[in-house]
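Worksheet: one structure, shown below.
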Amino acid sequence: MAQAIEISFSDFHTKKNNTEHRTEEISDRRLIVRRGQTFTISLRFKTRGFQKGDRIIFVAETGPWPDEASGTRAVFPLARTINKMTWSAALVDNSIDSMTIDMCSSPNAIIGQYTLKIQFTTGGKATTYQLGTFVILFNPWCENDDVYLENEGQRQEYVMNDYGFVYQGNHNWISPCAWNFGQFEDDILDIALKILDKNLNYLQDAFKDLSFRNSPVYISRVVCAMINSNDDDGVLQGNWSEDYSNGVCPSSWNGSTAILRQWYKSDCHPVKYGQCWVFAAVMCTVMRSLGIPTRVITNFDSAHDTSNNLVIDEYYDTTGKKLPNKGNDSIWNFHVWCECWMARRDLPQGYGGWQVLDPTPQETSDGIYCCGPASVKAIKEGEVHLNYDSPFVFAMVNADCVSWTVYGARKEKHFCDPHLIGNCISTKSVGSDQREDVTNHYKYEEGTLEERKIFQKALYRLQSKHPVLRSNGSINSDDTSRFPANGVSHENGTFDMDKLHNPPLSAAKLLLKFKLTESPQLGQTISLLLLAANLVTVAKTLKLCLSAQSIKHNGTAAHRFWKHSMYVELGPREEKWIALKIPYAQYGKFLEENNLIRVTAVGEQNLTWEKLLVEKDINLAVPDILINFVESPTVNKPCKVQLTFFNPLNEEIHNSLLVIEGSGLLKSQMKLQIGSINPRQKSILELQIVPYKAGFKQLQVAFSCDKVTVIKGYKSVLVKP
C-alpha cells in the first residue's frame, strides 16, 4: 500500500505575495490577497512528495457554515494551469520532499478571512490538512472584478493613498481639511471585517449575509449603514448640537484610525461624535481597506429634501433673519459623502462607475439609515427611479430653492432660484494635493436648457412613482413660470458671491449686492459694502433691514448678533455703496465651530413695495499652522518637526491642545497640552517623530483652545526608505 503524504509545514510566502497583491503595507506576517489574482504557496513533506497517482483537492472556506452553493466554500483540484475565472490551483514545482503551487481565487469570490485546507487521496485513502488562514479583498487591478478600475493613477489615489482632504467652507471660500485615512495600519483591516460582522443583516441571518459579500454594491450599502450608529452598534454617533462635553468635537478629528480603534476597543460602542465629513472620511478608510476604490466628495449648498419634491423652502422674517424651516428641508453650507467605483449589474448598462454613498444619518433607506449606492451617471441624467436613493441624491445637487418672507401667520413667496443648489462639487485630485471640481459629473451646466430638461425629467419620474405630488399643490412639472428665463445675473458666468433672492434683472427695478472690502480674519472687524442700485428712471426710497447671524454647516441658523435698519434715497439710475462694520466684540462669542456668518439685507421700496433679499456667507479665516521638517524624514530614524502657530485674538487664550497624527509617521495620535497663549502671540513647538513607512506621507495637526474651536495644518512629505 502506498505511503500517505504527511505535511511538515506550509509556507504562504507572505512577503512576496503581499507585495505582488499590494497589501504589504497592511502586513508582512499574514497572507492578504486580492481576488482573481494568482498567489504562491509551498508545502514541505515529512514522508514523501507528490507522486503520479496522488490526487490533490484544495478547500477554501469562510464563515461559520461554509457552503458551496452560497459561495462560502470553494473546492478545486490541482490542475495543470490556472483558470483566473474561478478558484484554481496549478503545480509550479515538485521535488522529493516539497512542492510549490500557484493558486487563484475567483474574481467574484466572497471577501473576508478564509481557512485553506488540502486533501490528499492515495490508494483510496483521503487525508486532510489545514494549511492556514488568509484574507481576500476586492481587486481593482483585476479586469473581471466588479471594482476594476482601468487607470493606474486612479488606483493609486483611490485605493492606495492613505491621506487626503475633506473640503469645507462655502463655494466662495473652499478650505482643504487634511485627513489621515490610514487604511493600511495593521489593525484597520480587522476592524473593517469586524464592522461587516456587526451589521444587522449578519446578526439576523449570517448565512445569507455572507453569501452576498462578493458584491461591492452589497458591501458598500452595509458599510454605509454601519458607519453611523442610528440603527445598530455603528462606528459614529452624530451630533449637531454644539454640546460635545461627553465626547469629541467633530472638527477636532484629524483622521479615521483613532475613531475606528476607539470603536473596536470599546467593544463596538459608538464613538462620540461625528458630522458629515467625519462619517464620509471614516467610510472612505473602510472601503479602501477592503479594496473598493473610494473618494470623499464635498457638495457646497447641498439640499436636504425631506418632502421628495425637489424643492427646498427657506423662510425669512421682514428684517432678513433666517427662520427655522416649517418642514425639515434644509440647505447645508457644505455636505460630504463618498463615491465608490463599481459595476452595477443590478442597473441597465452604462450606470456603473462612481456611485454615491452617504453614511451621514439623514433619511432611512429600506428602513435603515444609509444612502446609496446611487449612480452618479443616473443622477446627471435624471434617472431617479434607479436604485438606490437616487431622488435624494438628485435633490442634494440639483433641487430648486424657494425663498419666503413671513409676516406673522402669513407668508409670501419671494423668488425661486433654480441655480442655488449644488456648487463646486469637490474632491482631491489624482496624484496631487490640488482640488478637482466634479460638478459636471453630477449635472449639466446651470442655466442651460439641458439642465432644465433633466430637472423636469427627474420630476416626472418622481411624480410617476408618487402621484400625490401632482395634486397636493406643492409642485407641478408643467409649472415652468417659476423658473426665470434668464435666471440670476452672475459676474463670473457661474455663481455670484452673494446668494440672491431677487427677481431676474430683466424684471427688477432695484438691485442689492454685498462686497467684502478685505479678507475677513477671525478676531478682526468684518468690513463690507452693500451696493443699492436703482435700475429705472424714477427716483425711489428704499428701506433697508440688515442682520447677521452665525450659521451651522448644515444650514441651521444660530444666534443673530447684529441688526441695523436705514432708509436710502436713490435718484434715477443711481447707485450707492453703504459701508458696514461688525466688530469681533459683537460676533466673537456667538460663532459656531465653522466660523461661518451670514449677513442678510432686505430692501423694500416705497411705491410698488417691491422686495429684494440678498445674503452673503462669510467664513472667517484662521491663521495657518506652519509645519517644518527640520531633518529629511527616513524610516526608523528620529526626525525633528517644528510647529508654529499664532493666537489671532486680542485676548489671551487658554487650555490650548495640539493633536498630531499621520500614518507612516506616528503609530498613534500624539496629544500635547500647550496651556495659555498671550494676545496675538506666536508660539513655536519642536517635537520628534520616528517614521516607520516609506513613501509620500502627511502629518496632520489640529489646534484647539477655549475661544477657538479648531485650527488645522498639514504637511505632505517624502519619507526615504
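Going 7 Å from the Cα of Arg573 along its beta-carbon direction, which residues of the range 536-562 have the amide nitrogen within less than 13 Å of the resulting point?
Residues passing the 13 Å test: 536-539.
Grab the Cα-Cα distance for Tyr129 and Leu685, subtract it from 0.36 nm times how many residues apart they are, and report the gain in nm with one decimal.
That works out to 194.4 nm of additional length.
For an R0 of 56 angstrom, estimate the FRET efficiency from the Cβ-Cβ distance between Asp706 and Lys52 and round to the nearest 0.05.
It comes to 0.10.
Might you work out the accessible area of Glu152 for me, using a 1.4 Å probe with all protein chains in place, and round it to the nearest 10 Å²?
About 70 Å², ignoring ligands and nucleic acids.
Set the Förster radius R0 to 56 Å, insert the Cβ-Cβ distance between Leu203 and Val536 as r into 1/(1 + (r/R0)^6), and round the FRET efficiency to 0.05.
0.25
Just reorder His419, His654 by solvent-accessible area, largest first, 1.4 Å probe, all chains present.
Putting His419, His654 in descending order of accessible area: His654, His419.
Note down the nm distance, to one decimal, between modelled labels 7 Å out along Cα→Cβ at Thr644 and at Gln156.
The answer from the label model is 3.2 nm.
Please report how far the C-alpha centroid of the range 404-436 lies from that of the range 556-635, rounded to the nearest whole angstrom.
Using only Cα atoms to place each centre, the spacing works out to 17 Å.
Taking 0.36 nm per residue of separation and subtracting the Cα-Cα distance, what length does fully extending Trp65 through Glu363 add?
Gain in length upon complete extension: 103.8 nm.
Measure out, as a whole number of angstrom, how far apart the alpha-carbon centroids of the range 135-152 and the range 1-67 sit.
If we compute the Cα centre of each part, the gap is 22 Å.
Using Cα pairs under 8 angstrom and six or more residues apart, how large is the relative contact order of the range 575-721, in percent?
23 percent
In square angstrom, rounded to the nearest 10, how much accessible surface does Cys424 have for a 1.4 Å probe?
30 Å²
List the trypsin sites (Lys or Arg not before Pro) within the range 275-337 that DSSP assigns to loop and that have no more than 15 neighbouring Cβ atoms inside 10 Å.
Lys326
What percent antiparallel are the DSSP beta bridges of the range 125-278, to the nearest 5?
If I count the DSSP bridges inside the range 125-278, around 60 percent turn out antiparallel.
Show me the GluC sites (Glu not before Pro) within the range 601-700 that DSSP assigns to loop and that have at most 11 other Cβ atoms within 10 Å of their Cβ.
Glu631
What does the extension gain come out to for Gln262 and Lys15, with contour length at 0.36 nm per residue minus their alpha carbon separation?
That pair, Gln262 and Lys15, stretches by 86.0 nm at full extension.
Roughly speaking, what is the centre-to-centre gap between the range 642-721 and the range 240-270 when only Cα atoms are used, to the nearest Å?
Using only Cα atoms, the two centres lie 19 Å from each other.
Would you mind calculating the relative contact order of the chain from Cα pairs under 8 angstrom and at least 6 residues apart, reporting the percent as a whole number?
About 9 percent, as a whole number.
How do Phe50, Phe415 rank by accessible surface area computed with a 1.4 Å probe, from largest to smallest?
The ordering from most to least exposed comes out as Phe50, Phe415.
Give the carbon-plus-sulfur fraction of the accessible surface of the range 1-137 in %, rounded to a whole number; probe 1.4 Å, heavy atoms of protein chains only.
Carbon plus sulfur share of accessible area: 47 percent.
Please compute the contact order of the range 250-339 in relative form: average sequence separation of alpha-carbon pairs under 8 Å and at least six residues apart, divided by the residue count, as a percent.
31 percent
Could you work out [θ]222 nm for the chain from helices alone, using -39500 (n - 2.57) per DSSP H run of at least four and dividing by all its residues? Round to the nearest 500 deg cm²/dmol.
-4000 deg cm²/dmol, from helical runs alone.
Write down the accessible area per residue of the chain in Å², having rolled a 1.4 Å probe over the full set of protein chains.
Accessible area per residue, the chain: 40 Å².
Where does each of Lys715, Lys515, Lys380 land when they are ordered by accessible area, with a 1.4 Å probe and the largest first?
Highest to lowest solvent-accessible surface, that is Lys515, Lys715, Lys380.
Return the distance in nm (one decimal) between the two label points of a simple spin-label model at Arg44 and Leu657, each offset 7 Å from Cα along Cα→Cβ.
5.2 nm
So who's got an amide H within less than 5 Å of the one on Phe334, skipping anything under 5 residues away but keeping other chains? H placed 1.01 Å off N, in plane.
Under 5 Å from the amide H of Phe334 lie the amide H atoms of Asp301, Ser302, each far enough along the sequence or on another chain.
Taking a probe of 1.4 angstrom, what is the accessible area of Ser432 in Å², to the nearest 10?
Result for Ser432: roughly 40 Å² accessible.
Using Cα atoms only, what is the angle between the long axis of helix 449-465 and the major principal axis of the chain, expressed in degrees (0 to 90) to the nearest 10?
Roughly 70 degrees, rounded to the nearest 10.
The values are calculated or read from the model by the stated rules, or taken from the named source; none is laboratory data. All values reported here derive from a predicted model rather than from experimental measurement. As a convention, Cβ positions derive from the backbone with ideal geometry for all residues, glycine included, and neighbour counts pool all protein chains shown. Note: accessible area is taken over every heavy atom of the protein model, side chains too, but ligands, DNA and RNA are not part of it. Shrake-Rupley method; radii C 1.70, N 1.55, O 1.52, S 1.80 Å.
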